[in-house]
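Structure first, then comments.
The values are calculated or read from the model by the stated rules, or taken from the named source; none is laboratory data. Everything numeric here is computed off the predicted structure, so don't read it as measured data. In this analysis, Cβ positions are derived from the backbone assuming ideal geometry, glycine residues included, and neighbour counts consider all displayed protein chains.
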Amino acid sequence: LRRQNIVAAPSKPTFEFESTLGSGQRRNEFEDKMKTWESRASSSANAGNRLYSGFNSLRSVHEPTKSSRRQQIVPTIPVTPHFSTEARIAERHKFEEARKARELEIEKQAEERRRVQEEEEEREWREQRKRAIPKANPVPDWYTDIPRKTSQSKYGNAAGTVSSKVDG
């Protein structure tokens, strides 16, 4: 058997990204768009330099009306604005006086309530003291067994003071 020189297909197929496939086509589309944009820009720039053909005729038509309007112009005379600050100050002053009077009245009422309450408490306290029956506490039983102190001891009297008389 003879071998023929047959080129075998590569074992791995070559892979191409979609972005690389369409990039040439997109580039061509972009260049076409750029040409149209540039042509539009140049034509609009030239159109701005050209005057409207009937511009001068329109201007001459409006000239008499413009001059008549200029004659009818009435100058504006400035008027000083009217501020009502003085009236507002007077109203505010009246309001503040009324508010202070109300606060003073409320304060007086609170003071009166406090004074009446203090008098009521004092009256109740006096009444309770009148009703109270003063009693001495009873002497406890254990207190009776304690030895009594003598009126005179060797070193002093019962009050704890030392006598002036010294025994020899």
Mind listing whichever residues of segment 33-70 are among the charged types (D, E, K, R) and modelled with pLDDT under 75? 50
Residue check for residue 132: modelled with pLDDT of 90 or more, at negative phi and of a type in the set (Gly, Ala, Ser): no
Given the criteria surrounded by 10 or more Cβ atoms within 10 Å (Cβ to Cβ) and more than 33 Å from the chain's Cα centre (by Cα), does residue 111 qualify? yes
